[in-house]
1. Out of all the residues in segment 38-48, is one or more surrounded by fewer than 13 Cβ atoms within 10 Å (Cβ to Cβ), in a loop (DSSP other than H, G, I, E, B) and modelled with pLDDT of 80 or more?
2. Among the listed residues Glu275, Glu222, Glu254, Glu244, which satisfies the condition of being of a type in the set (Asp, Glu) and within 20 Å of the chain's Cα centre (by Cα)?
3. Going through segment 171-199 one residue at a time, which ones are open to solvent by 40 Å² or more (accessible area, probe 1.4 Å) and either part of a helix (DSSP H, G or I) or under 13 Å from Pro119 (Cβ atoms) (or both)?
4. Would you call Ala152 closer than 28 Å to Asn251 by Cα, within 19 Å of the chain's Cα centre (by Cα) and not acidic (Asp, Glu)?
5. Could you check segment 57-77 and list, in sequence order, the residues that are open to solvent by 40 Å² or more (accessible area, probe 1.4 Å) and modelled with pLDDT of 80 or more?
6. Take the residues of segment 411-429 that are of a type outside the set (Lys, Arg) and in contact (Cβ under 8 Å) with a residue 60 or more places away in the chain: which is farthest from Pro215 (Cα to Cα)?
7. Going by the conditions given, is Val235 within 23 Å of Thr178 (Cβ to Cβ), out of contact with any Lys or Arg (no Cβ under 9 Å at 6 or more places or on another chain) and of a type in the set (Val, Ile, Thr)?
8. For segment 220-322, which fully contained helices (runs of 4 or more DSSP H) count at least 2 residues that are polar (S, T, N, Q) and at negative phi?
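The values are calculated or read from the model by the stated rules, or taken from the named source; none is laboratory data. Since this is a predicted model, take the numbers as computed values, not measurements. We place every Cβ from the backbone using ideal geometry, glycine too, and count neighbours over all the protein chains shown. Note: accessible area is taken over every heavy atom of the protein model, side chains too, but ligands, DNA and RNA are not part of it. Shrake-Rupley method; radii C 1.70, N 1.55, O 1.52, S 1.80 Å.
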Amino acid sequence: GVAHVPLVEELQRGRHKPNLTDEAKRALAEVYKEFCSPGAPGMGQSNIEEYLQRCGVDSATIPPQKINDIMAKYPVVDESNNQLPGFLSLEGLYAYYRDACATSDDRLRVDLNTFGFRPDLTRRSKEACIVTYPNGESWPLSAHESVARDIALHFKDGHPSLGHLADSGLSSFHLNQTAIVANETLGEIFIAVTNYGKNCEQLIINTLCALFNAPASWAGNEIMNAVVTIIRILVSMPDDKQMERVDLIMNCTERGAPAMDSGIGLILAARTFCEARPGQHYANEYSQAYERYVSLLKELRTTGGTAAWLNENRDQWDWMERDIDVDQYVPEHNNVGQVRNDYGQREGEEDDHPRQHQQHHPSDSDMPGVNDSEEDDEDSQFDTTDAYRNAPAQITVSGAGSPEVNGSYARDGMFERTPKYSRQGEMNNAACVFSLFQCNVSNNTKHWYISIVP
């Protein structure tokens, strides 16, 4: 099994915040040293912001005053015992995580995983954590990619197998989801170990079916988190089945519903939802489903073998190029080497709408999360769809009375026929999702609100 080293000591009577274990402190000290600028006595403001960004935390969600208070309380002290303002000491970083671990050590464990530490707090090799391009530039890999590469390096001389029956059982989406929910870091290792060197056809089909049938909006968040984790691990493992897995994920022809003619691969399903929106009732549900696939493709575009597949199969996804924002250099990771590729729109290309195909569009009853108990008139459907497509993809909130809500909000479905937006954040030391939405009030006027639950 995988050793799971404790990160916090048990709370003693009368204590409200746990102490970090010596092992956790040693790991954090190693990371702290890496984030201090050369010659600097500690972590400065820009170092802290970079650190939070690597941890997947929008620095706007952390009140500046909180960072300033920690820096003031735990300043760097020089050899003459003089305080050096503007720098966070190592003790300050410990204090940040003592606060974060007040109810659970999940945040610290996930962050240490991001910086390459296994559950037993040994560290993955540089080869498993960093990608270096031909021009000499290096970039850190995501935690999913790093875990996948670490397992690949461990099994480079052989493929693990527990036998046909066990492999069949391990292809269950719900089993893998349970592992992820129980402990995301161990879940990533579980998926990589049990699927390295395999085409994973049944697990991919089961995962794509779960994605297709997941409830809309927040109700499907737990399923979506598991789907993203499973797929990112599968496309990141640099074995001889990597590109076979990526192609199946993109173009799986299994049906998500009996009446559908198209498959549940990410590209196929995205096109189905995109083309179904204008011609069906409940256009906003189809828009939400389409945006779900767009969001997943955005997350995958720089992961593992996905970049190589996108380069080689541009004709299959160029109809949605604008939506997945590929006008940038994207790193390609594959077995042969790493290069950087320009996914920007080609010169002279027109920004066309998706090409229409003669196919059977799914009925309302075939689509997940669609309520067929209500009907809107046809004009309002087109109005809703146009409003969604013409709305900005992202909105930035600043200067709010509660600084926790400041930051960038991504378009996330519709609310009362108006696009709504959401972002991950933290309130009262607890993770949450902030929603930005427009609402009709009693005097028949519309106002924008920010809420944890719209």
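1. Yes, there is a match, as at least one residue in segment 38-48 is surrounded by fewer than 13 Cβ atoms within 10 Å (Cβ to Cβ), in a loop (DSSP other than H, G, I, E, B) and modelled with pLDDT of 80 or more.
2. Only one candidate qualifies: Glu222.
3. His174, Leu175, Thr178, Val181, Ala182, Glu184, Leu186, Phe190, Val193
4. no
5. Ala72, Lys73, Tyr74, Val77
6. By that ranking, first place goes to Asn429.
7. Considered against the rule, which asks whether it is within 23 Å of Thr178 (Cβ to Cβ), out of contact with any Lys or Arg (no Cβ under 9 Å at 6 or more places or on another chain) and of a type in the set (Val, Ile, Thr), Val235 comes out as no.
8. The qualifying helices (runs of 4 or more DSSP H) are 221-236, 242-251, 283-300, 306-312.
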